[in-house]
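S.K.: The following block contains the structure, expressed as structure tokens.
The values are calculated or read from the model by the stated rules, or taken from the named source; none is laboratory data. As the structure is a computational prediction, the values presented were derived from the model and not from experiment. Backbone-built Cβ (ideal geometry, glycine too); neighbour counts: all protein chains shown. The protein model used for the area step is the full one, side chains on, heavy atoms only, and it has no ligands, DNA or RNA in it. Shrake-Rupley method; radii C 1.70, N 1.55, O 1.52, S 1.80 Å.
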Amino acid sequence: MKGKTNFQLQITRLILMQKRLFYKKSFILIFVLISLFSFAMFISSKNNGSLIKIALYADFSKENAGKTICTELLKNNNTFSLISYTLFTTKEEAVSSVDTEQNDASWIFLENIDEFIAKNAQEEMIGKAVTIYQKNDSIKLSFAKEILYSKLFSEFSTFAYKAFLRNRFFFNNSFSEEKADEIYENFINKNSLFKIKKTGISKDINFLLSPLRGLLCLFVMICAFTGTIYHIEDKKRGQTLFFTKQVVIFDGSLIMIFLLILFKIYTTLFFELFAVILFSISLYHFTDILAGLTKSTEYFVCLIPVLIILSLIFTPVFLNLSIFKPIQMLFPSYYYLTSVYYPKNFIPFVVYTIILCSINCFQKSHPLA
């Protein structure tokens, strides 16, 4: 009965603490801003927010390499938004879209592209299969052209291999296209130059939404700092309040999990929950240690924006700069962001959390002790 009474008392304290926190305007403001920002990113990801926009033109009146390549490229519009392709019915419209900055470049495929590729495959080298119109060259357009080259090479290799078969092994016209296709497909399927294997937990995420996890991670970090300040101020006023900091971190983590699931950027619920729990515990001790080292609320508050900026730069929110790994390993956000997609990294995350907990327990000059 006593245990039940204690449990009820703890629940009552939690409810009262939540009620107290929701009277704080700054607490509400943080939650509202991160939610609005997340929804804005989600809405932007649904629009045409591609980094590279390419106009395409090919002769679709008959089957040819240009039609095949354009069809494959257009399918990618529904997979990732990094590059978007738009098919035009005339060359003039495709080129004009670059002049009006509607697209970054236009790729114009020859109407007789099959004949052209076949002649090039026979080492005649009579010209160019695709004409590219663009205002200026850039790294992103060079990246897009690599995709075009890979598609063209696939078509070119088909014609080149068929020409090789005819010239070296068959000396009459009875060798059919169907037979050449059969031999080529059999060869290419058995003799790939590379093999693709997936590692970690794979999850296809729109590139505009990919930084959202890291930004939500920093949001929970801000909640931990905020909870620490609330706790310090309560102690200064001589108030003995339970769960102030824990409730703030819990609320922030709950919002994070909710948004990850809502926008479908989570991996698996089990790993997400385990990672967020570890992250919350590590943040609790991380901020406690910093508060004990600064020994002053003013210094601690001044340290917050510095640590948030350092986390934004050195942890893989946008980029993973491995050259700064010694600095990255100081932040809880680094372990969280690297463990979600690679479960094997949970072990260093657990060790890091235990180390923080040990340091916090034995820190003698802690202002919250």
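S.K.: Could you check segment 83-99 and list, in sequence order, the residues that are of a type in the set (A, V, I, L, M, F, W, C) and outside any strand (DSSP E or B)?
M.R.: Selection gives PHE88, ALA94, VAL95, VAL98.
S.K.: If you check every pair at least six apart or on different chains, which have Cβ atoms under 9 Å apart with a residue in segment 317-338 that is farther than 20 Å from VAL351 by Cβ first and a residue that is open to solvent by 60 Å² or more (accessible area, probe 1.4 Å) and not in a helix (DSSP H, G or I) second?
M.R.: PHE318/SER210
S.K.: Taking the options ALA65, ALA121, name whichever one is small (Gly, Ala, Ser), at pLDDT below 80 and in contact with a helix residue (DSSP H, G or I) (Cβ under 6 Å, 6 or more places away or on another chain).
M.R.: After ruling out the rest, the residue left standing is ALA121.
S.K.: Could you please tell me which pairs satisfy a Cβ distance under 6 Å, a separation of 6+ or placement on different chains, a first residue in segment 240-252 that is open to solvent by 10 Å² or more (accessible area, probe 1.4 Å), and a second residue that is acidic (Asp, Glu) and modelled with pLDDT under 85?
M.R.: Listed by first residue and then by second, the contacts come to LEU241/ASP234.
S.K.: Right, something else. Which condition breaks for PHE258 when tested against (1) under 24 Å from CYS357 (Cβ atoms); (2) modelled with pLDDT of 85 or more; (3) open to solvent by 70 Å² or more (accessible area, probe 1.4 Å)?
M.R.: (1)
S.K.: Of the numbered conditions (1) among the aromatic types (Phe, Trp, Tyr); (2) over 20 Å from LEU33 (Cβ atoms); (3) at pLDDT 80 or above, PHE243 fails exactly one; give the number of that condition.
M.R.: Failing condition for PHE243: (3).
S.K.: Take the conditions within 16 Å of THR226 (Cβ to Cβ) and modelled with pLDDT under 90 and apply them to PRO332. Does it pass?
M.R.: no
S.K.: Starting from segment 207-224, take each residue that is farther than 16 Å from PHE331 by Cβ and at pLDDT 90 or above and list its partners that are in a helix (DSSP H, G or I) and not polar (S, T, N, Q), counting only C-beta distances under 6 angstrom and pairs at least six apart or across chains.
M.R.: Listed pairs, sorted by first residue: none to list.
S.K.: ILE147: closer than 24 Å to LYS67 by Cβ, of a type in the set (Val, Ile, Thr), at pLDDT 75 or above and not in a helix (DSSP H, G or I), yes or no?
M.R.: It is false that ILE147 is closer than 24 Å to LYS67 by Cβ, of a type in the set (Val, Ile, Thr), at pLDDT 75 or above and not in a helix (DSSP H, G or I).
S.K.: Under 8 Å between Cβ atoms, which residue pairs at least 6 apart in sequence (or on different chains) link something in segment 347-369 that is over 23 Å from PHE274 (Cβ atoms) with a partner that is modelled with pLDDT under 90 and hydroxyl-bearing (Ser, Thr, Tyr)?
M.R.: What qualifies is LEU368/THR228.
S.K.: Output yes when any residue across segment 314-322 is buried (at least 18 other Cβ atoms within 10 Å of the Cβ), at pLDDT 85 or above and closer than 30 Å to PHE270 by Cβ, and no when none is.
M.R.: No, segment 314-322 contains no residue that is buried (at least 18 other Cβ atoms within 10 Å of the Cβ), at pLDDT 85 or above and closer than 30 Å to PHE270 by Cβ.
S.K.: A further question on this structure: Name the residue that is most open to solvent (accessible area, probe 1.4 Å), counting only residues in segment 49-75 that are more than 18 Å from ALA129 (Cα to Cα) and assigned to a helix (DSSP H, G or I).
M.R.: LYS75
S.K.: While we're looking at this one, here's another question. Would it be correct to say that SER44 is in a helix (DSSP H, G or I) and either modelled with pLDDT under 70 or of a type in the set (A, V, I, L, M) (or both)?
M.R.: Criteria met by SER44.
S.K.: Another question, if that's okay. Right, SER311: hydroxyl-bearing (Ser, Thr, Tyr), closer than 18 Å to SER282 by Cα and open to solvent by 30 Å² or more (accessible area, probe 1.4 Å) or not?
M.R.: It is false that SER311 is hydroxyl-bearing (Ser, Thr, Tyr), closer than 18 Å to SER282 by Cα and open to solvent by 30 Å² or more (accessible area, probe 1.4 Å).
S.K.: Further, regarding this structure: Just name the residue that is surrounded by the fewest Cβ atoms within 10 Å (Cβ to Cβ) out of those in segment 277-295 that are closer than 16 Å to ILE257 by Cβ and aliphatic (A, V, I, L, M).
M.R.: If we take residues in segment 277-295 being closer than 16 Å to ILE257 by Cβ and aliphatic (A, V, I, L, M), then ILE277 is surrounded by the fewest Cβ atoms within 10 Å (Cβ to Cβ).
S.K.: Can you find a residue in segment 341-363 that is open to solvent by less than 90 Å² (accessible area, probe 1.4 Å), touching a Cys at 6+ places or on another chain (Cβ under 8 Å) and of a type outside the set (Asp, Glu)?
M.R.: no
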